[in-house]
Structures are given as C-alpha cells and as structure tokens.
Amino acid sequence: MSRKISGGCLCGAVKFVVNDSFDKFYFCHCIQCRKVSGSSHASNLFTTTEHIKWLSGLDKTVRFDHKEGEFTKVFCSQCGSGLPYKSLSSESLIVPAGSLDEEPSLAPQAQIFCSEKVDWFTAGISAPKNSRYESSD
Ligand SMILES: [Zn+2]
Ligand SMILES: [Zn+2]
C-alpha cells in the first residue's frame, strides 16, 4: 500500500487524499498555465483517477474547460484554489502540487513549454531569499 497524502483548498471546503504514487511531475510554463495560476508556471503531478478519494466539498468545485485545445482548470468556488482534475482525453488525474498538504516523494522531472517561459521566472529563482515577507537584516 502506498503512502497517502492529504490535500485541499485554502478555505478548507474541499478535502481529498491521494496515493503518493505519481508518474510525472512537471513545471509547465505555457501561457494557459501562467494565466490560470496567476504565476510564472503551474506545478503539476500526474497519476490516474483511481488514486484519489474526495473527502469533502466536491460540490464546491468548478471545472473550466478551455474551448480550444486541451486545457482544464478545476478550482474551489469559495477560495479559488486549484484542485485535482481528470484529463478530458484520458484517465490521467492532474494534481496541482500546491494543493497537497505534504511533500510528494517524486521531485520535479522536467520543465515543459519552456519556449513560453517568462524571463522573470529565471530572474526570480536567483533573487535574494528572505525567510519572510521582507529581509529582517
Ligand atoms: Zn476553498
Ligand atoms: Zn501549461
């Protein structure tokens, strides 16, 4: 039996557990992921749908399927947090890594759609690192 990881949204309405048996872990720099995440990239784990168990709040989730191309976002209708969703074209379950409460065993394996990556991502990861909002120095 694999380890189980709990997850959910920021407001606490939606909760799930997922098996820590992910096949892939990618940072995606495509423009769609940038827009829906509001950040430089999405951090997505991939598994299959039988590995998730929803504990609460499934009725609070909203699914957006982009009208062209394969792009989906599922989020909490109360707080907007990104949540796991089933791919339209397969049995894949895509899990936004930030929705997990604990670290997955798998580390990121690749960054994809780097042709669409913003320069401020590269600048940001090499910027000074403060432990809180501002440096206390
Ligand atoms: Zn929520
Ligand atoms: Zn993407």
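Every number here is computed from the coordinates shown, using simple stated rules; none is lab data. Worth saying up front: this structure is predicted, and the values here are computed from it rather than measured. Virtual Cβ from ideal backbone geometry, glycine too; neighbours counted across all protein chains shown.
Couple of notes before you dig in:
- Backbone HN-Hα couplings from phi across segment 53-61 [Karplus 6.51/-1.76/1.60, Hz, Gly and Pro as x]: 10, 7, 9, 7, x, 4, 6, 8, 8
- Residue separation of Arg63 and Lys15 scaled by 0.36 nm, minus their Cα-Cα distance, works out to 15.7 nm of gained length.
- Structural descriptor for the chain: relative contact order 30 percent, calculated from alpha carbon pairs under 8 angstrom and at least 6 residues apart.
- Of the GluC sites (Glu not before Pro) found in segment 10-85, the ones in coil according to DSSP and having at most 16 other Cβ atoms within 10 Å of their Cβ are Glu68, Glu70.
- For segment 5-12, 3J(HN,Hα) per residue [Karplus equation, 6.51 cos²θ - 1.76 cosθ + 1.60, θ = phi - 60°, Hz, x = Gly/Pro]: 10, 8, x, x, 8, 5, 7, x
- For segment 76-137 versus segment 34-49, the gap between their alpha-carbon centres in whole angstrom: 6 Å
- Among Ala13, Ala127, Ala110: highest mean-square fluctuation, GNM of the chain, C-alpha pairs under 10 Å: Ala127
- Within the listed set Ser115, Ser37, Ser87, the Gaussian network model of the chain (springs between alpha-carbon atoms below 10 Å) gives the highest mean-square fluctuation for Ser115.
- Cα-projected label distance for Lys35 with Ser56, points at 7 Å along beta-carbon direction, nm: 3.4 nm
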